[in-house]
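Encoded as structure tokens, the structure appears first; notes follow it.
Taken together, the values in this text are just the output of simple stated rules run on the coordinates, not laboratory data. For clarity, every value in this text was computed on a predicted model and none was experimentally measured. All Cβ positions, glycine included, derive from the backbone under ideal geometry; neighbour counts span all protein chains shown.
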Amino acid sequence: MSKIQNAFKNGKAFIGFLTAGDPSIEKTEEFILEMVKAGTDLIEIGIPFSDPIAEGSVIQSANVRALSAGTTTDKIFSMVKSLRTKTNVPIVFLTYLNPVFKYGYENFFNYCNQVGIDGIIIPDMPFEEKSECYIIAQNNNVDIISMIAPTSEQRIKEIAANAVGYIYVVSSLGVTGMRSEIKTDLNSILKSVKSASSVPVAVGFGINTIEQAKEISKISDGIIVGSAIVKIIEKHGNQAGKYIYEYTKSMKQAIL
Amino acid sequence: MSRGRYGIHGGQYIPETLMNEIINLEKNYDFYKNDPTFIKELNDLLKNYAGRPSLLYYAKKMTEDLNGAKIYLKREDLNHTGSHKINNVLGQVLLAKKMGKTRVIAETGAGQHGVATATAAALLNVECEIFMGKEDVKRQALNVYRMELLGAKVHTVTSGTMTLKDAVNETFREWTTRVQDTHYVLGSVMGPHPFPMIVRDFQSVISKEAREQILDIEGKLPSAVVACVGGGSNAMGMFYNFIKDKSVKLIGCEPAGHGINTDKHAAAIAKGTLGIFHGMKSYFCQNEYGQIAPVYSISAGLDYPGIGPEHANLHDTNRAQYVPVTDNEAVNAFEYLAKTEGIICAIESAHAVAHVQKIAPTMDKDEIIIICLSGRGDKDVASIAQYRGININE
């Protein structure tokens, strides 16, 4: 059993996302520590990709900033290694399949294991393509996090039954980004997921307000917030640390 | 291993939100491709609307000038809307209608696929939105206006390199946002399965006709068929029915831009490496960390960092050969064909013409080459003038 389970032992989990290297790799480490200090239960670190097709404009821009700053997969591994001397918080990567494939699955997951990465989310690797790297990841103690979308319907059962770590339920159609309203019938999706799996279920895409956090945490095991945090980084740059702390603290308290 | 493999290439690497939709698409396609009513309707559109079969024209002057193999041009430029793109689009939009879709979206590079999609959407009465990179909107202003005349809404894409790759990204994003009533009319033999198969099938009419035509005219098969390759739809269409004819060389011409030893090209086979992007495993121009490279070609339609998975496999198995052709060679060929045969072809197609200029003189006079002239060149006249330092807008 991976460290990911620990994230769901402290009430409802607050899962925070940021893009590594935005605005710099040093700042990413600092921002993650602020999030941990504020009570974030699990950190998702985005490895920037040139063409993030599941992302909305906020995270797309963060990817551009990070790559322009010279961020590479190797620098991110070093940052996580350093981070691991300071915190035990569960950490997962979020990236697209090509950066992982090109790095070499063996090398990539071996490094993940060495530096203490607990899982990975790969939005362009659906259930049917999991054989790309599922076994290699497992051998290196990295959980491949499964995603379930509002359109998954009859697929939910199979995906959920095979899930490890946690299940990432996508709240809405479309790409990542803050939404004023989440219209999907999450209740019925979560019910199907829960009936097929005992793995914790977290909901992401669009969540940014305290009200949304409260409401969605009532029916799930945790909430995932990305664009709202990245937006703070976009606005405050190097000075974003304290704003990230305040924001993530208020979100975690809202769902306790 | 998922469906839709060509050797190690292909697959379905897309977000979960789209998975049920592409499964549904494959199911519908498998049904309608054998449905007599669908086949009849599509054939009627191809004949009476698009103007098929397209001519197989003997380029006598070019043949005499190059003094080698006999050269034929498969005249896809004479199709309605001016390129091979209409073959695929009529099939896909008709299929979308049968599936109950009321809206189609598409990416476009040169604008040819966008114009073709807008045309089919107008004819078949569905809503149409086209995504086009800002760079291409500039290079191909005429085609943008054509799409608008046809009733389509054109979105200018300002992310990334603002060319074809980014237009594809944005169209995928739009599709995940509104998938229920919308079909993505992918324009090339790329993307997740079943697109490479569907587009290839609809484009294979090119080689089906060409094979019959050349046997009819010459009584024998060609020594080589040659086509330009970006994503690779006209080339796949031109190659497909010749794949089993082992004596026929299949040659794809990749955009080498300023040269494959510079950083300004889009030659995915010559310089790319294995990767996974836009739903498929194939060859891509990318860096050591798997970041997709900003590619370049004078031709907006070939300005794409990857190549369709079936081409990647034809390359792996040595069934087809892929050669780089530079901007300069293509522009020279563009002008050559205009002066020699009185045909202004698309700058994309001119890449194939350029390669034939090189190989025809080395071949015997009883050998035959067929070039797929994938599109007409009206859209390129202004940028060719600019390449030659002439401003025709003054």
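Placing a pseudo-label 7 Å from each Cα along the Cα-to-Cβ vector at B:Lys60 and A:His236 gives an inter-label distance of 7.9 nm. Return the FRET efficiency for the residue pair B:Leu221, B:Lys33: r is the Cβ-Cβ distance, R0 is 35 Å, and the value is rounded to the nearest 0.05. Here the calculated transfer efficiency is 0.85.
For chain B, the Cα-based Rg and Dmax, in that order, read 19.3, 57 Å. Assign one of three labels to the stretch B:174-306, namely rounded, prolate or oblate, based on the Cα gyration tensor with a ≥ b ≥ c the square roots of its eigenvalues; rounded applies when a/c is under 1.5, prolate when it is not and a/b is larger than b/c, and oblate otherwise. Note, shape of the stretch B:174-306 comes out oblate. Over all Cα atoms in the stretch A:82-135, the spread is summed up by Rg and Dmax: 11.9, 37 Å. Here the ratio of the Cα radius of gyration of chain A to 2.2 N^0.38 Å is 0.91. Per-residue shielding of A:152-164, expressed as the average number of other chain Cβ atoms within 10 Å of the residue Cβ, stands at 1.
Protection proxy ranking of B:311-318, B:110-117, by the mean of other Cβ atoms within 10 Å over each peptide's residues and highest first, is B:110-117, B:311-318. Distance distribution P(r), the stretch B:338-394, all Cα-Cα pairs, bin width 10 angstrom from 0: 21, 44, 25, 9, 2 percent. Per the Debye formula on identical point scatterers at the alpha carbon atoms of the stretch A:184-256, with no solvent, log10 I(q)/I(0) at q = 0.13, 0.17, 0.18 Å⁻¹ is -0.44, -0.67, -0.73. Legend: mean number of C-beta atoms from other chains within 10 angstrom of residue C-beta atoms, peptide B:14-27, equals 6. Taking the empirical scaling 2.2 N^0.38 Å for compact globular proteins as reference, the stretch B:1-56 has a Cα radius of gyration ratio of 1.58.
Given only helices, namely DSSP H runs of n ≥ 4 each adding -39500 (n - 2.57), what is the per-residue ellipticity at 222 nm of chain B, to the nearest 500 deg cm²/dmol?
One gets -13000 deg cm²/dmol as the mean residue ellipticity at 222 nm.
Note that the stretch B:283-389 carries a Kirkwood radius of 15.5 Å, evaluated over its alpha carbons pair by pair.
As a proxy for reagent exposure, ranking B:Arg319, B:Arg211 by other Cβ atoms within 10 Å from fewest up yields B:Arg319, B:Arg211. Name the shape class, rounded, prolate or oblate, that the alpha-carbon gyration tensor gives for the stretch A:12-142, where a ≥ b ≥ c are the square roots of its eigenvalues, rounded holds for a/c under 1.5, and otherwise prolate holds if a/b is larger than b/c and oblate otherwise. Because its axes are fairly even, with a/c under 1.5, the stretch A:12-142 counts as rounded. Loop-located GluC sites (Glu not before Pro) across the stretch A:164-254 with a Cβ neighbour count of 11 or fewer within 10 Å are A:Glu181, with loop assigned by DSSP. Spherically averaged projected area of the convex hull of Cα atoms, the stretch B:193-247: 3.8 nm². On the beta carbon distance between A:Asn110 and A:Asn88, with R0 = 30 Å, the FRET formula returns roughly 0.90. Evaluated with a Cβ-only charge set (Lys, Arg +1; Asp, Glu -1), the stretch B:138-183 carries a dipole of roughly 180 debye about its Cα centre, given to the nearest 20.
Using the Cβ-Cβ distance between A:Thr209 and B:Asp316 with R0 set to 35 Å, the FRET efficiency works out to roughly 0.10.
Shielding of peptide A:95-103 by partners, expressed as the average count of other chain Cβ atoms within 10 Å per residue Cβ, is 6. So in the protein assembly as shown, what percent of DSSP beta bridges are antiparallel if you round to the nearest 5? So the antiparallel bridges in the protein assembly as shown amount to around 20 percent. Over the residues of chain A, the helix contribution to mean residue ellipticity at 222 nm works out to -13000 deg cm²/dmol, using -39500 (n - 2.57) for each DSSP H run of at least 4. Taking 37 °C and 0.692 mPa s as conditions, the protein assembly as shown diffuses translationally at an estimated 128 µm²/s according to Stokes-Einstein applied to its Kirkwood radius (Cα pairs).
Would you list A:Ser68, B:Ser159, B:Ser282 from fewest to most Cβ contacts within 10 Å? In increasing order of surrounding Cβ atoms, one gets A:Ser68, B:Ser159, B:Ser282. For the stretch B:61-166, the square roots a ≥ b ≥ c of the C-alpha gyration tensor eigenvalues yield an a/c of 1.5 or more together with a/b not exceeding b/c, which makes the shape oblate. Selection among B:Asn125, B:Gly375, B:Gly306 by position relative to the dipole of chain B gives B:Asn125 as farthest towards the positive end (Cβ unit charges, Cα centre). When the trypsin sites (Lys or Arg not before Pro) in the stretch B:1-47 are filtered for DSSP coil states and for at most 15 other beta-carbon atoms within 10 Å of their beta-carbon, the remaining sites are B:Arg3. Most simply put, the stretch A:52-198 has about 0% antiparallel DSSP beta bridges, counting only bridges with both residues inside it.
Inter-label distance, B:Asn67 to B:Lys365: 1.1 nm, where each label sits 7 Å from its Cα along the C-beta direction. Working from Cα pairs under 8 Å separated by at least six residues, relative contact order for the stretch B:303-373 is 24 percent. Taking 0.36 nm per residue of sequence separation and removing the Cα-Cα distance, the B:Lys264/B:Ser247 pair yields an extension gain of 2.7 nm. Under the convention that each Lys and Arg Cβ holds +1 and each Asp and Glu Cβ holds -1, the size of the dipole of chain A around its Cα centre is about 700 debye.
Relative to the compact-globule scaling 2.2 N^0.38 Å, provide the ratio for the alpha-carbon radius of gyration of the stretch B:265-308.
Relative to the rule-of-thumb radius for its length, the stretch B:265-308 sits at 1.03.
Ranked by how many other Cβ atoms sit within 10 Å of their own Cβ, fewest first, the residues B:Met132, B:Met19 fall in the order B:Met19, B:Met132. Histogrammed with a bin width of 10 Å, the alpha carbon distances of the stretch B:1-127 distribute as 11, 30, 32, 18, 8, 1 percent, first bin at zero.
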